[in-house]
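The values are calculated or read from the model by the stated rules, or taken from the named source; none is laboratory data. Everything quoted here is computed from the prediction, not taken from an experiment. Don't worry about glycine lacking a Cβ; one is built from the backbone with ideal geometry, like all the others, and counts go over all protein chains shown.
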Amino acid sequence: MNKETTNFRWSLAILMFFIAFISYMDRVNLSVATPTIMQEFSFNKMDMGLLQTAFFLGYALMQIPGGIMSEYFGHRRVLAGSAIWWSVFTALTAFCSSFTGFVAVRALFGMGEGPMAPTMGRFMYRWFNKTEKGRASSLFLGGVFFGPVVGPAITVALMTTFGWRSVFVVFGAAGLVLAALWYYLAVDSPRNSKFANSAEVDYIEEGQDQASDEKELAPWRDFLGSSQFWAVGIQYFIADYIMFVFLAWLPLYLMEAQNFSMKSMGVAASFPWAALCLVTMVAGIVSDKLVAAGVSKYKARTLFGIGGLIACCATLYLGAVATVPWMNVLWLTISLGSLGFTFNASWAACIDLGGKFVGSVSGWMNFWGNVGGIAAPTATAWIATNYGWQSAILFTAGTAVVGIIAWLAVKPDVPLKIKSNNSIEKVA
């Protein structure tokens, strides 16, 4: 690129970071507020697990439709509408007064957030050069994982000053502002942007499928017959299962099993997420550099994916058996941080496999990831209630073995085979 080339795509990447950040803050807020809500409404662990599951059920159900909508209607309208929807229901959480109300609002909140990840996958495919997919993915995931880094401290501060309900109102309003910015700035085609010049657009589209502006339906029959398609979903089920155990239960686990106070928990709970955020960002840079240097995508993505799960499994075990609270936090920090390699590899591989159908492939992968999200809160609550927190953590560690095996079949250097043309019509 010449010196006069604009870099507007990275401004959009920063906006993507903050949208992902707010979306995950909206989830973390319920986890951090869990002890207070349990006390006020006399909910038990199973009740709170079901509330988390209600969110993930709505979220998972919208993954595949969200991916299809992003390819047909474009990432601009779909994500803006999605952000408005989930922000409204985030705010409405503050007005819930019964278990049924909480379940309904959290399920609808989950449905609103559902299209976000597959739509971001479509956006990254359309707005970034083929050598920038890992870095773009890392910014999206970095925003996702930065939410839980600062979330506990911010949420605790708001709760202690204004009460737990204020948290949901504040973040609901922030989401509406970001939705408006996205609609104004993130047009579907770089060539229609007022802020990206022709040199930047030419660079973005270098080697990209020129049919990317057509409305198309993915060849689902072909995809469902592919072992790679199933493998990328299975490995993400495991990665997300582990991550959502942290998301749903880390605050309460630290208070009940490790005897942290509310204030010290707010600090301790941020360390694993800080590690995950940092590792994810670094993994994206390193992955792109390896691919640019000629290392195969199979090695760059697969070794990161498997290595992250191995390290996560080993250190999660060490955390479960640690007898000193801050040693427990150290091992949990390394464990969740290790998943940064796996998450970055997953999204980069998804773009590699899906190409112009990355919205649908992303939706499929994230659907299975969030089936893990549906299972994790309730399964962990059941194991912790009946066998103790240590057993719940050890079971979580053991699930990594399934993900390691699945990664061997992903083969990100071989795009999914498409046997038919599903073009419907060119976007007006």
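Using the structure shown, decide if residue 23 is part of a helix (DSSP H, G or I), polar (S, T, N, Q) and surrounded by fewer than 18 Cβ atoms within 10 Å (Cβ to Cβ).
No.
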Of all residues making up region 297-324, the number that are touching a Leu at 6+ places or on another chain (Cβ under 6 Å) and closer than 15 Å to residue 342 by Cβ: 3
Residue satisfying condition, being more than 12 Å from the chain's Cα centre (by Cα), part of a helix (DSSP H, G or I) and farther than 14 Å from residue 233 by Cβ, within set 353, 336: 336
Looking only at region 130-165, filter to residues that are of a type in the set (Ser, Thr, Tyr) and buried (at least 23 other Cβ atoms within 10 Å of the Cβ); which one of those is nearest to residue 29 (Cα to Cα)? 155
Within region 269-276, is there a residue that is more than 15 Å from the chain's Cα centre (by Cα), outside any helix (DSSP H, G or I) and either modelled with pLDDT under 80 or more than 24 Å from residue 24 (Cβ to Cβ) (or both)? no
For a quick check of your reading of the model, give me the residue pairs whose first member lies in region 195-208 and is under 15 Å from residue 125 (Cβ atoms) and small (Gly, Ala, Ser), whose second is surrounded by 14 or more Cβ atoms within 10 Å (Cβ to Cβ) and modelled with pLDDT under 90, with beta-carbon atoms closer than 7 Å and at least 6 apart or on different chains. 207/130
Got at least one residue in region 59-75 being hydroxyl-bearing (Ser, Thr, Tyr) and closer than 23 Å to residue 374 by Cβ? yes
Identify all residues within region 21-73 that are in contact with a Phe, Trp or Tyr (Cβ under 6 Å, 6 or more places away or on another chain) and over 20 Å from residue 108 (Cβ atoms); write none if there are none. 21, 36
For region 51-59, check the following and say yes or no: at least one residue is β-branched (Val, Ile, Thr), within 20 Å of the chain's Cα centre (by Cα) and at pLDDT 90 or above. no
So which residues in region 61-72 are surrounded by fewer than 20 Cβ atoms within 10 Å (Cβ to Cβ) and out of contact with any Asp or Glu (no Cβ under 9 Å at 6 or more places or on another chain)? 61, 65
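Residues are listed down the side, and each one gets a yes or a no for (1) of a type outside the set (D, E, K, R); (2) surrounded by fewer than 18 Cβ atoms within 10 Å (Cβ to Cβ); (3) assigned to a helix (DSSP H, G or I):
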{"site": "178", "(1), (2), (3)": "yes, no, yes"}
{"site": "182", "(1), (2), (3)": "yes, no, yes"}
{"site": "187", "(1), (2), (3)": "yes, no, no"}
{"site": "223", "(1), (2), (3)": "yes, no, yes"}
{"site": "240", "(1), (2), (3)": "no, no, yes"}
{"site": "245", "(1), (2), (3)": "yes, no, yes"}
{"site": "278", "(1), (2), (3)": "yes, yes, yes"}
Of residues in region 280-308 being among the charged types (D, E, K, R) and surrounded by 16 or more Cβ atoms within 10 Å (Cβ to Cβ), the one nearest to residue 239 (Cα to Cα): 301
Looking at (1) under 23 Å from residue 360 (Cα atoms); (2) surrounded by fewer than 23 Cβ atoms within 10 Å (Cβ to Cβ); (3) within 17 Å of the chain's Cα centre (by Cα), can you tell me which one residue 84 breaks? (3)
Note on region 93-109: residues under 15 Å from residue 37 (Cβ atoms) and over 20 Å from the mean Cα position of the chain (by Cα) are 93, 94, 95, 96, 97, 98, 99, 100, 101, 102, 103, 105
Scan region 119-129 and tell me whether some residue there is out of contact with any His (no Cβ under 7 Å at 6 or more places or on another chain) and surrounded by fewer than 21 Cβ atoms within 10 Å (Cβ to Cβ). yes
Residue check for residue 173: surrounded by fewer than 17 Cβ atoms within 10 Å (Cβ to Cβ), modelled with pLDDT of 90 or more and within 26 Å of the chain's Cα centre (by Cα): yes
When you check residue 392 against the structure, is it at pLDDT below 90 and part of a helix (DSSP H, G or I), yes or no? no
